[in-house]
Amino acid sequence: MNMNTNEFEAILETCIDQIAEGEASLEECLARYPQFEAQLEPILFTVTSLQRGREIQPPPFLRERIRAELNDAMKSSVGTSRLKREVPQILFSNRTIS
């Protein structure tokens with residue numbers, strides 16, 4: 001089969017838009033364009049998988065736990081950031097450490 005690249009790209013873009021807008025499913029796009037099914041299926045499967053991943057919302061207790069852990073990590077790294085900035089200054093200065 002001789003596939004016209006421009007035609008395939010137009011169909012792919014249409015299917016991606018329709019799936020993203022909820023106007024068509026993966027199966028509907030594949031049924032609509034059977035001549036491109038082998039090429040469309042892996043791409044559209046990935047698109048639908050990524051779309052489902054965006055819809056996942058962690059429960060509130062998990063978001064709060066993640067936020068608390070992030071805050072703790074940022075607080076504990078404050079001292080190490082200062083140390084990282086001061087060490088190179090000491091190494092490249094003419095001062096001696098007493």
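So in the stretch 1-21, with the set limited to residues that are of a type in the set (S, T, N, Q) and not in a helix (DSSP H, G or I), which one is modelled with the highest pLDDT? Please lay out each step first, then the result.
We begin by selecting, within the stretch 1-21, every residue of a type in the set (S, T, N, Q); these are 2, 4-6, 14, 18.
Next, from what is left, pick out any that are not in a helix (DSSP H, G or I): 2, 4.
Details: 2: 50, 4: 78.
Applying the filter and picking the extreme gives 4.
Is it the case that residue 86 is farther than 30 Å from residue 13 by Cα, of a type in the set (D, E, K, R) and modelled with pLDDT of 85 or more? Walk me through how you get there before you give the answer.
Working: farther than 30 Å from residue 13 by Cα: yes; of a type in the set (D, E, K, R): yes; modelled with pLDDT of 85 or more: no.
Against the criterion (farther than 30 Å from residue 13 by Cα, of a type in the set (D, E, K, R) and modelled with pLDDT of 85 or more), residue 86 does not qualify.
Among the numbered conditions (1) modelled with pLDDT under 90; (2) of a type outside the set (S, T, N, Q); (3) more than 21 Å from the chain's Cα centre (by Cα), tell me where residue 24 comes up short.
Going through (1) modelled with pLDDT under 90; (2) of a type outside the set (S, T, N, Q); (3) more than 21 Å from the chain's Cα centre (by Cα) one by one, residue 24 breaks only (1).
For the stretch 37-61, give me each residue that is assigned to a loop (DSSP other than H, G, I, E, B) and of a type in the set (A, V, I, L, M). First the steps, then the outcome.
Start the filter on the stretch 37-61 by keeping residues that are assigned to a loop (DSSP other than H, G, I, E, B), which leaves 56-59.
Hit for the stretch 37-61 is 56, nothing else.
The values are calculated or read from the model by the stated rules, or taken from the named source; none is laboratory data. Since the model is a prediction, treat every value here as computed from it, not as a measurement.
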